[in-house]
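Everything on this sheet refers to the single structure shown next.
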Amino acid sequence: MRTSPHFLDWENKPLLFKIYPTLEVMRLPKDFRETGRAALDAIPTPGAQASNDAIPNLETLAQLLFFSAGVVRSKRQDHIETFFRAAACTGALYEIELYVICTDLPGETLPGANSFGLAAGVYHFGVAEFGLRQLRAGDFRQTLVEATGGDPSIAHAPVTIICTGAYWRNAWKYRSRTYRHFGWDNGTILANLLAMSEATKLPAKVVTGFVDSQINELLSLDTKREVAFSLVPIGYQQSTPSDPPKTSPLNLPIVPYSTEEVDYPAMRKMHEASSLESASEVAAGRGKTPSLVVPPAKGTTTSLLLPSDSIPQDSIEKVIARRGSTRQFSRESITLSQLSLALDRATRGIPADFLDPIGSHLNDLYLIVNNVDGLPPGAYFYHWEKKALELLKPGDFRDRAGFLGLEQQLPADAAVDVFFLADLKKILERYGNRGYRATQLEAGILGGKLYLAAYAQRLGASGLTFYDDDVVNFFSPHARGKSAIFLVALGGSALRK
Ligand SMILES: Cc1cc2nc3c(=O)[nH]c(=O)nc-3n(C[C@H](O)[C@H](O)[C@H](O)COP(=O)(O)O)c2cc1C
């Protein structure tokens, strides 16, 4: 890092939004009715299967988009206005774009009203204007069904949200490391989207298996610059779609992100290497999650301490609206129940095509506990199924945590640092290269859930970058052979005080 000649060319900083200037924008309603669903109840998202129709109306769709990727606040500094969004994102560069593929959706569902909401089509979510731009008219859901090898959640979903990653928008700062950020930054958005779907009583699932070219062509993406990363079918409809209209390239102009874009071919190479070319390849990658071999606990274990009452009840919308990455932790302690609630809510399972049975996972959690009442400081392994923390080595590791988290102060000051590590070898053996995308995305979702569970308890959180091999070495021999995937720090905010 220190020998790298890379510097930030501020004059060439990319625009934070994708804008199709030749398409009219249809503004979305913003006067949402609050779901009232407590965030700590919505975060776990069990992924219930619906058997009755559950079709979002336009207002609910707008609500889902706003609380997943909408602009929730802005800040002006040195004449630059930054528009912060509902979900955390590396460098606040917001390279993940959202698209909506839907059948006809109803409008208001007030008693007696059945006004028309949104016509079947393919839309881009214009974050800047909080609106939709129609890229294609008609019902294209069957294209998604074919691209996902007949995924039943997609087939029965009235709406699917497609998330893409725009390379240059993040690579301006992070160069080819951006490829990992696609998974993380998409993951934090999905943590919000899953919680909001739960709060609005709509089934939702994360789908990572699809024939890449079919989805990219549907959105008419210039794949040198932007690629589809994940799909989220939302809602349920008994009927399934019929043949889609024909598609041809759209060749729509977009407002340039920068004067000049730098290409980092390693990212495209990585993406191509994990691309799927046929429905049978997609089907082969579904479920059958490899079971993780967890060595029996050798050290002292402490069970999570889950409170049965006085659980904070702030709604998921309130929590998302006040979330922000903590810029300075207070070094004060948090309680074991606060940590327990955060870990429990984040790890109750993600409904995803690569995770079967529900509750299985690709990432393991390792912790550095700096200051948690009732838990001696030290390095821990989280026994997911047993909901218990095993002490791997006791000690004050604040300085070490600071070093591991890319020599930043945040992980040293946090009450606890949660590291995500995965056995990539085993994962790639099962899923092929596509498993790499799934692992990064899962870590981003888990991290996003931790963010929400912390803010629901009026604690702070921040995603962090780290020194990969040093993290693995620190948690070894337990973590030997695994790869460091992601890191989230939790604790009280010094600035709030
Ligand atoms: C995956 C991920 C990694 C991050 N890494 C760092 C980091 O290393 N250092 C840091 O100060 N902030 C980090 N952040 C926080 C972002 O800078 C922050 O999310 C972004 O500026 C947007 O602000 P907000 O989260 O307050 O909305 C990270 C966030 C995410 C999601």
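Please tell me if residue 334 is of a type in the set (A, V, I, L, M, F, W, C) and either at positive phi or away from the ligand (no atom under 16 Å from the Cβ) (or both). Break it down stepwise before answering.
Numbers: of a type in the set (A, V, I, L, M, F, W, C): yes; either at positive phi or away from the ligand (no atom under 16 Å from the Cβ) (or both): yes.
Taking the combined requirement at face value, the residue satisfies it.
If residue 479 passes every condition in (1) small (Gly, Ala, Ser); (2) open to solvent by less than 10 Å² (accessible area, probe 1.4 Å); (3) under 23 Å from the mean Cα position of the chain (by Cα) but one, which one does it miss?
(3)
Quick check: is even one residue across the range 60-67 in contact (Cβ under 8 Å) with a residue 24 or more places away in the chain, away from the ligand (no atom under 16 Å from the Cβ) and open to solvent by 20 Å² or more (accessible area, probe 1.4 Å)?
Yes, that holds for at least one residue.
Any residue that is in a loop (DSSP other than H, G, I, E, B), under 19 Å from residue 197 (Cα atoms), open to solvent by less than 40 Å² (accessible area, probe 1.4 Å) and within 16 Å of the ligand (Cβ to nearest atom) - is there at least one of those in the range 101-112?
no
Answer yes or no as to whether residue 466 is within 11 Å of the ligand (Cβ to nearest atom), open to solvent by 10 Å² or more (accessible area, probe 1.4 Å), hydrophobic (A, V, I, L, M, F, W, C) and in contact (Cβ under 8 Å) with a residue 40 or more places away in the chain. Can you show your working first?
Values: within 11 Å of the ligand (Cβ to nearest atom): yes; open to solvent by 10 Å² or more (accessible area, probe 1.4 Å): no; hydrophobic (A, V, I, L, M, F, W, C): yes; in contact (Cβ under 8 Å) with a residue 40 or more places away in the chain: yes.
The answer is no for residue 466.
For residue 302, all conditions in the list (1) among the hydroxyl-bearing types (Ser, Thr, Tyr); (2) closer than 30 Å to residue 478 by Cα; (3) in contact with a helix residue (DSSP H, G or I) (Cβ under 6 Å, 6 or more places away or on another chain) hold save one; what is the number of the exception?
Status for residue 302: all satisfied but (3).
Evaluate the range 242-261: report whether one residue or more is more than 30 Å from residue 39 (Cα to Cα), in contact with a strand residue (DSSP E or B) (Cβ under 8 Å, 6 or more places away or on another chain) and not in a loop (DSSP other than H, G, I, E, B). Don't jump to the end; show me each part of the working.
Of the residues in the range 242-261, the ones more than 30 Å from residue 39 (Cα to Cα) are 242-261.
When the remaining residues are screened for being in contact with a strand residue (DSSP E or B) (Cβ under 8 Å, 6 or more places away or on another chain), the result is 245, 247, 250, 252, 257.
Pick out the ones that are also not in a loop (DSSP other than H, G, I, E, B) and you get none.
Among the residues of the range 242-261, not one is more than 30 Å from residue 39 (Cα to Cα), in contact with a strand residue (DSSP E or B) (Cβ under 8 Å, 6 or more places away or on another chain) and not in a loop (DSSP other than H, G, I, E, B), which makes the answer no.
So, residue 144, is that one within 21 Å of residue 64 (Cβ to Cβ), crowded, with 24+ Cβ neighbours inside 10 Å and touching a residue at least 12 places away in the same chain (Cβ under 8 Å) or not?
Values: within 21 Å of residue 64 (Cβ to Cβ): yes; crowded, with 24+ Cβ neighbours inside 10 Å: yes; touching a residue at least 12 places away in the same chain (Cβ under 8 Å): yes.
Considered against the rule, which asks whether it is within 21 Å of residue 64 (Cβ to Cβ), crowded, with 24+ Cβ neighbours inside 10 Å and touching a residue at least 12 places away in the same chain (Cβ under 8 Å), residue 144 comes out as yes.
Residue by residue through the range 442-463, note down the ones that are more than 21 Å from residue 383 (Cα to Cα), open to solvent by less than 10 Å² (accessible area, probe 1.4 Å) and more than 11 Å from the ligand (Cβ to nearest atom).
452, 456
Sort through 168, 184 and tell me the only one that's aromatic (Phe, Trp, Tyr), closer than 25 Å to residue 285 by Cα, modelled with pLDDT of 95 or more and crowded, with 20+ Cβ neighbours inside 10 Å. Write out each step before concluding.
Details: 168 fails: closer than 25 Å to residue 285 by Cα.
Result of the check over 168, 184: 184.
Go through the range 389-411 residue by residue and tally those that are within 19 Å of residue 334 (Cβ to Cβ) and buried (at least 17 other Cβ atoms within 10 Å of the Cβ).
The number of residues fulfilling the criteria is 9.
If you check residue 75 against the conditions, is it in contact with a Ser or Thr (Cβ under 9 Å, 6 or more places away or on another chain) and open to solvent by 90 Å² or more (accessible area, probe 1.4 Å)? So that I can check it myself, show each step before the final result.
On the way: in contact with a Ser or Thr (Cβ under 9 Å, 6 or more places away or on another chain): yes; open to solvent by 90 Å² or more (accessible area, probe 1.4 Å): yes.
Against the criterion (in contact with a Ser or Thr (Cβ under 9 Å, 6 or more places away or on another chain) and open to solvent by 90 Å² or more (accessible area, probe 1.4 Å)), residue 75 qualifies.
Within the range 267-308, track down each residue that is more than 30 Å from residue 358 (Cα to Cα) and surrounded by 14 or more Cβ atoms within 10 Å (Cβ to Cβ).
Applying the first criterion (more than 30 Å from residue 358 (Cα to Cα)) to the range 267-308 yields 267-269.
Scanning the range 267-308 gives 267, 268.
Of the numbered conditions (1) surrounded by 22 or more Cβ atoms within 10 Å (Cβ to Cβ); (2) within 19 Å of residue 472 (Cα to Cα); (3) within 16 Å of the ligand (Cβ to nearest atom), residue 346 satisfies every one except a single condition; which is it?
Going through (1) surrounded by 22 or more Cβ atoms within 10 Å (Cβ to Cβ); (2) within 19 Å of residue 472 (Cα to Cα); (3) within 16 Å of the ligand (Cβ to nearest atom) one by one, residue 346 breaks only (2).
The values are calculated or read from the model by the stated rules, or taken from the named source; none is laboratory data. Small disclaimer: the values here were computed from a predicted structure and weren't measured. Cβ sites come from the backbone with ideal geometry, for glycine too, and all protein chains shown count toward neighbours. Heavy atoms of the whole protein, side chains included, go into the accessibility calculation; ligands, DNA and RNA do not. Shrake-Rupley method; radii C 1.70, N 1.55, O 1.52, S 1.80 Å.
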